[in-house]
Amino acid sequence: MIKAFLFDMDGVLAESEDLSVSIGVSYFRSIGVNANASDFSRYLGGGERIFFDGPAKALGLSGSPYSYDEASAYFRKEYERRASGLDLSLPGAREIVRSARKSGIMTAVASSAPRWKVLMNISCIGLTESDFDFIAAGEDIKRNKPFPDIYTLCLIRLGIDGPEAVVFEDSVMGIKSAKSAGCHAIGTGSTYPSDALYGAGASYVVSDLAAFHSASSAMDLLSGERKWEKHAAITGYVKEQALKLAERAGYNAYAPYSGFKVGAAVVASSGKIYTGCNVENASYGATICAERNAITTAIAEEGRTSIDLIAVFTQSSPPSPPCAICLQVLSEFAHPDTIVILSSGSERLEMKFSELLPKPFALNTI
Ligand code: THU
């Protein structure tokens, strides 16, 4: 049972990163170093020390005129001056904290930033300290995210176990920290690409906290957690059903230009079968293939899922495989062992997805 929501602050509840970076840039300029916002991007979310030491090192500064203590003092003075009176709340932030509290879910902030900044941000998002059961800040731990320490501290203080907490984080380091502490993690925001957040262990990635209408909608999301990692049992019966439905979907194909009707069926990890047919268009390039129609229907019904079987019915000999565009689209949800069955009624071929597309394109960032 979920008992607490633990929030990172910067980039999750408060839109403070732009302000922080702009002050960071002006600090370096004040000591005659021409820094840019991009110099900071790799060092966000790991606390103040790395926020300054990271870019300093990358800019080739190992000492004077750079001093972490001076940078830190400059930052505090400027941040307090510039943030005061600003509304830094990110969409949905106030609402989810209040909604959680109303539904009896505990709330905590777990930020690597210094406590003065966390408290300042809490007031800049229109909340108060009393909206949280616990506030963990940078000074409370020695090892920053991605170590689990800050989340472990929250769990201890709230008297709960990792799986009883949902962490909301915008950074890879933050998601790693939450997962190492055994918590569920939801990625938010656009600081990092969603693939990177999923790669770090996020169960879901949403654009902002307004994606949740209430605290319970965040929990509903988790109840179907990582269903794409589960797989449907593909029995002989399932194969026959999928083929029958693919053939039937093909009857509805709208193919007045090519006369080539295609029917497709995909089996999602839930075991449900979704179908599609090709829908052509007078503007030929606007035509949509049967396989893509089937996959988008599955996703529209179930959200992210795994595709464990693809059946395609064509009246060609040998039966046609999905085109390269469809394979690329399918590769997002299929896995190398996903079974592909191609049928024309009289001929049938069966293969693995990896045989058709051994090397799908993926956004593997360094
Ligand atoms: N088509 C599909 O439905 N799936 C494929 O993978 C390849 C092609 C359709 C598109 C068009 O309506 C017709 O077949 C001829 O290209």
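Taking every pair of distinct Cα atoms and averaging 1/r, then inverting, what Kirkwood hydrodynamic radius in Å comes out for region 155-251? It would help to have the intermediate numbers written out before the result.
Working: mean 1/r = 0.0640 Å⁻¹.
It is 15.6 Å.
Divide, for region 236-356, the radius of gyration over alpha carbons by 2.2 N^0.38 Å, where N is the residue count. Mind dumping the intermediate values first?
Numbers: Rg = 13.0 Å, N = 121, 2.2 N^0.38 = 13.6 Å.
That ratio works out to 0.95.
Give the carbon-plus-sulfur fraction of the accessible surface of the chain in %, rounded to a whole number; probe 1.4 Å, heavy atoms of protein chains only.
Working: 9060 of 17070 Å².
It is 53 percent, rounded to a whole number.
Test of understanding: what is the full-extension gain from Ser103 to Phe361, defined as 0.36 nm times their sequence separation minus their Cα-Cα distance? Kindly include the intermediate steps, with their values, before the conclusion.
On the way: separation 258, 0.36 × 258 = 92.88 nm, distance 4.31 nm.
Result for the pair: 88.6 nm of gain on full extension.
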When the Kirkwood hydrodynamic radius is evaluated over all pairs of different C-alpha atoms of region 28-183, what value in angstrom, to one decimal, is obtained? 16.9
Determine the dipole magnitude for the chain: charges of +1 sit on the beta-carbon of Lys and Arg, -1 on that of Asp and Glu, nothing else is charged, the reference point is the Cα centre, and the result goes in debye to the nearest 20. 220
What angle do you read, to the nearest 10 degrees and between 0 and 90, between the alpha-carbon axis of helix 48-58 and the longest principal axis of the chain? 80
Which angle from 0 to 90°, rounded to the nearest 10, does the C-alpha axis of helix 290-302 make with the longest principal axis of the chain? 50
Does anyone have the angle between helix 17-30 and the longest principal axis of the chain? Alpha-carbon axes, 0 to 90°, nearest 10? 50
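Keeping all protein chains in place, calculate the accessible area per residue for the chain (probe 1.4 angstrom), answer in Å². Walk me through the numbers before you get to the answer.
Working: 17070 Å² over 366 residues.
Ligands and nucleic acids excluded, the figure is 47 Å² per residue.
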Give me the Debye-computed log₁₀ of I(q)/I(0) at q = 0.17, 0.20, 0.23, 0.28 Å⁻¹ for region 17-83, equal point scatterers on Cα only, no solvent, two decimals. -0.50, -0.71, -0.97, -1.51
Under the Kirkwood approximation applied to all pairs of distinct alpha-carbon atoms, what is the hydrodynamic radius of region 91-245 in Å? 16.8
For region 320-335, in residue order, the Karplus 3J(HN,Hα) values (coefficients 6.51, -1.76, 1.60; θ = phi - 60°; whole Hz; Gly and Pro = x) are 7, x, x, 5, 5, 5, 5, 4, 4, 5, 5, 4, 5, 10, 7, 10
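Can you give me the Rg/Rh ratio for the chain, using Cα atoms for both radii and the Kirkwood formula for Rh? Please report the intermediate quantities before stating the final value.
Working: Rg = 25.5 Å, Rh = 23.2 Å.
Rounded to two decimals, Rg/Rh equals 1.10.
What ranking, highest mean first, results for peptides 332-339, 6-13 when packing means the other Cβ atoms within 10 Å averaged over each residue?
Working: 332-339: 17.4, 6-13: 26.8.
Ranked from most to least packed, the peptides come out as 6-13, 332-339.
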Within straight-line cross-link reach of Lys117, lysines at Cα separation under 21 Å, skipping those fewer than 8 residues along the same chain: Lys77, Lys142, Lys145
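How would you rank 108-119, 42-53, 340-351, highest first, on the average number of other Cβ atoms within 10 Å across their residues? Spell out each step's value before the answer.
Numbers: 108-119: 22.9, 42-53: 20.8, 340-351: 15.7.
Those peptides, ordered most packed to least, come out 108-119, 42-53, 340-351.
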If you restrict to DSSP beta bridges whose two residues both lie in region 236-356, what percentage is antiparallel, to the nearest 5? 70
Using θ = phi - 60° and Karplus 6.51 cos²θ - 1.76 cosθ + 1.60, couplings along region 93-110 (whole Hz; Gly, Pro as x): 4, 4, 4, 6, 5, 5, 5, 4, 4, 4, 8, x, 8, 6, 10, 8, 9, 10
Checked against a 23 Å limit on the C-alpha separation, the offending pairs among Lys244/Lys272; Lys239/Lys359; Lys230/Lys272; Lys230/Lys261 are Lys239/Lys359; Lys230/Lys261
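The values are calculated or read from the model by the stated rules, or taken from the named source; none is laboratory data. Please read these numbers as outputs of a predicted model, since none were measured by experiment. Neighbour counts run over all protein chains shown; Cβ positions are idealised from the backbone, glycine included. Protein only, heavy atoms only, side chains kept; ligands, DNA and RNA dropped before computing areas. Shrake-Rupley method; radii C 1.70, N 1.55, O 1.52, S 1.80 Å.
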